[in-house]
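A.B. asks: First, the structure itself, so that you have it in front of you.
Quick note: the coordinates plus some simple rules give every number you see, no bench work behind them. Note that this is a predicted model, so its numbers are computed, not measured. Every residue, glycine as well, gets a Cβ built from its backbone with ideal geometry; the counts of neighbours run over all protein chains shown.
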Amino acid sequence: MDQLVITYRTQRQTILIDADDTLWHNNIHFERTTNAFVDYLMHSTLSRDDVRQVINEIEGANIKTKGYGAESYAGNLVEAYRRLSEREIDQRQLDDVFNFGMSILDADIELLHGVSETLEEVSARHELVLFTKGNPDEQFSKIERSGISHHFDHIDIVPEKDVRAYLDVISTVGAITGRPRAPASSRTLGRPSHLDVNRKTSKGPFASHSSGEAKAPSCRKFGSCGSAA
């Protein structure tokens, strides 16, 4: 482990960093909104956990076609309401539920403790790539509002983090910088996806692990990301 840390600090590396709940708080807004939905539903027999389970099942069934983000989440809440409501449903109720989900877009961007200082230090020694998944417009809005985009050499947003996506972003970054990248020489920092492997822990506010997988990247850095393929 000591040898790994020494190598990591002395050699310039390409580091892939996740965004949501790695750089700023994100899931807390979904949790609060889900709680508001459960309160609005006021189901007479289902517990809060039961309602959450239904939402999770709907999300799991829709993720491949609807993807991530506030609009997808809002649609899942509407589907859950249609399924669970004990009242006669009208359009006003459906609009209320949909707006619960979309309200997440108005949430302030609150950086996790230590993120700004860590990025300032690490970006001076390594090449940083912001690599995240979700709705491109929503994610770029968060990135712009976060005030930390200047620390990143490249920004890449993909529909899903799978092996192909990881390989594509590593290849793309190598093409832009003129320094070919091999998966073994790159690292990811953040919350691991369900396909991440060989997880390791690094110092600072980020968790570090080696990864694989991804789809063709939707890539730009506020209008330009070089010769992205």
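A.B. asks: Tell me, in nm to one decimal, what length is gained between S47 and F30 on full extension, where the rule is 0.36 nm per residue of separation less the Cα-Cα distance?
C.D. replies: Working: separation 17, 0.36 × 17 = 6.12 nm, distance 1.83 nm.
Extra length available between S47 and F30 comes to 4.3 nm.
A.B. asks: Which of the peptides 38-46, 92-100 is most tightly packed, and how do the rest follow, going by the mean number of other Cβ atoms within 10 Å of each residue? Intermediate values should be presented prior to the final figure.
C.D. replies: On the way: 38-46: 12.7, 92-100: 15.3.
So the order, starting with the most tightly packed, is 92-100, 38-46.
A.B. asks: On to the next question. By per-residue mean of other Cβ atoms within 10 Å, what is the highest-first order of 105-115, 147-157? Present the calculation step by step, with values, prior to reporting the outcome.
C.D. replies: Values: 105-115: 13.5, 147-157: 18.1.
The most tightly packed comes first, giving 147-157, 105-115.
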